[in-house]
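So the structure is just underneath, and the comments pick up after that.
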Amino acid sequence: MLDIQIKVFKTVVEKGGFSLAAQELHMTQSSVSQQIHTLEAYYGVKLFDRMYRKIIVTQAGAALYPYAIELERLYQETDKTMQALKADIVGQLRIGCSMTVGEYFMPGILVSFSRMHPLVVTSMDVGNTEQITSMVVGGSISLGFIEGHYEPIDMLVDRQFAGDQLIVIAPIDSKLSLQPMSLAELMNARWVMREKDSGTRIIFEEYLSTRGLDPQKLNVVLEMGSTQAVKEAVKAGMGIAAISRLTVENAIKYGELSVIPLEEGVIERKFTMIYCKERFQTCAVEKFISYVMEKNP
């Protein structure tokens, strides 16, 4: 069908090659090539020149590309309108979450949403805040849910929702948890931290700065790539850590970790949902945005 060939053509232009387009479309490279050959035969023009293992869009290809974009938009709008008339929505929902949100907050949201809309197929990527933001900008996911500091980007919409608290944890037998302490007193303690791009670490270091403390002077003895690794390191007596309360509630409840009360009080933080302003959003994506904001204002 011509619509499939147009979609393949558009993807080849945007990915800059047949191989990358094939990966994006879950097709073989030979199938992509065949679709392009068929489209060229249909219009009687050449859409790509192949030079030194690279493809270059021809004048005809450049002329066709804006129509390919518009046709895709019309197909999406048609699908969206038809879905709105059905009893339930269908389609794919591709989201990405930073570590804490993805591992401890979002699973429950996805389960309840899936029960309401069982025909929606959902996939979730988990990474740090920087990685998830890049994926939204690049278009590999429709929505991002992040916990760290977010620098506004013109092409993105950002909406705060829900949130949690950062607390300082210690081994269960640590004397540091016996009475409230100031962050200034804790600077020289042994700290186990997430990697520098972690939302949790960024928020904590920003909080230190607001209190007149230099994050660079923290005595960081160990950096870990996951929240679970941080918890295990603290349990093993490697040091103390700033961590999301969501991630350690059970460990505290069952006496595996202790909390160091801070004289400064509670460190609150909000989660942020991000998505592209101009990118088309399916019914499934729009429903999920509304669901998240209604359940977690």
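Throughout, read-outs are computed from the coordinates displayed, never taken from laboratory work. Keep in mind it's a predicted model, so treat the numbers as computed, not measured. Positions of Cβ are backbone-derived with ideal geometry, glycine not excepted, and every protein chain shown enters the neighbour counts.
A few points about this structure:
- Highest-fluctuation residue, ALA189, ALA251, ALA62 considered, GNM on the chain with Cα pairs under 10 Å: ALA62
- Residues GLN216 and VAL137, FRET efficiency given R0 of 25 Å [Cβ-Cβ distance, rounded to 0.05]: 0.30
- Virtual paramagnetic centre 7 Å along Cα→Cβ of THR78, amide N under 19 Å, in region 90-118: 90-92
- Full-extension gain in nm, MET187 to LEU71, via 0.36 nm per residue minus C-alpha separation: 35.9 nm
- Here the dipole of the chain is about 500 debye; that uses its Cα centre as origin and unit charges on the Cβ of Lys and Arg (positive) and Asp and Glu (negative).
- Charge dipole magnitude, Cβ of K and R +1, D and E -1 - region 141-297, Cα centre, debye nearest 20: 260
- Entry note, the chain: relative contact order of 21 percent, from Cα contacts under 8 Å with a spacing of 6+ residues.
- Amide N proximity, region 136-180 versus GLU268 label position 7 Å along Cα-to-Cβ, cut-off under 16 Å: 160-167
- In a fully extended conformation the segment linking GLN29 and GLU223 would gain 65.7 nm over its present Cα-Cα distance, using 0.36 nm per residue.
- Distant-in-sequence amide H partners of ASP125 (H built 1.01 Å from N, under 5 Å): ILE95, GLY96, CYS97
- Positive contributions from Lys and Arg (+1) and negative ones from Asp and Glu (-1), summed over other residues with Cβ under 14 Å from the Cβ of PRO180, come out at -2.
- Euclidean distance of C-alpha centroids, region 96-172 and region 234-266, integer Å: 23
- Computed from the Cβ-Cβ distance with R0 of 45 Å, the FRET efficiency linking TYR52 to VAL90 stands at 0.55.
- Value of D in µm² per second that Stokes-Einstein yields for the chain, Kirkwood Rh from Cα pairs, at 37 °C (0.692 mPa s): 148
- A dipole drawn for the chain from +1 and -1 charges on Cβ atoms has a positive end, and of HIS149, VAL12, VAL126 the residue lying farthest that way is VAL12.
- Fewest-first ranking of THR122, THR11, using other Cβ atoms within 10 Å as the exposure measure: THR122, THR11
- Counting beta carbons within 10 Å around each of LYS10, LYS295 and listing the fewest first gives the order LYS295, LYS10.
- In this simple spin-label model, placing a label point 7 Å from the Cα along the Cα-to-Cβ direction at both GLU249 and LEU20 gives a separation of 4.3 nm.
- Set LYS196/LYS253; LYS175/LYS253; LYS196/LYS270 screened for pairs whose C-alpha atoms are more than 21 Å apart: LYS196/LYS253
- Result for the chain in a Gaussian network model with C-alpha springs under 10 Å: among GLN76, GLN92, GLN179, the largest mean-square fluctuation is at GLN179.
- Packing-based ranking, highest mean first, of 36-44, 18-26 given that Cβ atoms within 10 Å are counted: 18-26, 36-44
- Arranged from fewest to most other beta-carbon atoms within 10 Å of their beta carbon, GLU286, GLU147 become GLU286, GLU147.
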